[in-house]
1. Please go through segment 82-98 and give me each residue that is open to solvent by 80 Å² or more (accessible area, probe 1.4 Å) and either within 17 Å of the chain's Cα centre (by Cα) or modelled with pLDDT of 75 or more (or both), ordered by number.
2. Tally the residues that are open to solvent by 80 Å² or more (accessible area, probe 1.4 Å) and either of a type in the set (F, W, Y) or in a loop (DSSP other than H, G, I, E, B) (or both), restricting the search to segment 57-71.
3. Give the residues of segment 72-81 that are open to solvent by 80 Å² or more (accessible area, probe 1.4 Å) and not polar (S, T, N, Q), sorted by residue number.
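The values are calculated or read from the model by the stated rules, or taken from the named source; none is laboratory data. Because the structure is predicted, anything quoted here is derived from the model rather than measured. So basically every Cβ, Gly included, is an ideal-geometry build from the backbone, and we count neighbours across all protein chains shown. Just the protein is used for accessible areas: all its heavy atoms, side chains included, with ligands, DNA and RNA removed. Shrake-Rupley method; radii C 1.70, N 1.55, O 1.52, S 1.80 Å.
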Amino acid sequence: MFVDRLLVTLVHLRLGLPHAALAELYLVDRSTVSNAVREVRPLLAARGFAVPDRPGVRLRTLEDLFAYAQAESVELRIDGTEVQVRRPHWTSRCTRRPFSSSSGPWPATDSTN
């Protein structure tokens, strides 16, 4: 049912829960959640964001957002919060850390190779 697929996608986007966790909550297979999110996200993006109290105004792109913010004197803030992401398991030969982040410190690289 489309409503169920929409709901699981909205919960994923709002709360950032992994597909496996949502599958447990909704008693379905993880692939069902992944398929729903993959299919519904483009539909939501194409529809755009309706601006409250502004009938007919929809923000579909980042450019739309910036233009609206400038026209309405809205101050935009970007959330740069780092989130740890668990990496896939690697063999014992791999020197990667178990978590990834967008900031360093980065391991030294050997430029002689």
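1. Within segment 82-98, the subset open to solvent by 80 Å² or more (accessible area, probe 1.4 Å) is 82-86, 88-93, 95-98.
Answer for segment 82-98, where residues must be open to solvent by 80 Å² or more (accessible area, probe 1.4 Å) and either within 17 Å of the chain's Cα centre (by Cα) or modelled with pLDDT of 75 or more (or both): E82, V83, Q84, V85, R86.
2. Number of matching residues: 2.
3. E75, R77, I78, D79
Residue-by-condition table, conditions (1) exposed (fewer than 15 other Cβ atoms within 10 Å of the Cβ); (2) assigned to a strand (DSSP E or B); (3) in contact (Cβ under 8 Å) with a residue 24 or more places away in the chain; (4) out of contact with any helix residue (DSSP H, G or I) (no Cβ under 8 Å at 6 or more places or on another chain):
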| site | (1), (2), (3), (4) |
| --- | --- |
| V8 | no, no, yes, no |
| V11 | no, no, no, no |
| A20 | yes, no, no, no |
| E24 | yes, no, no, yes |
| V33 | no, no, yes, no |
| A36 | no, no, yes, no |
| P42 | yes, no, no, yes |
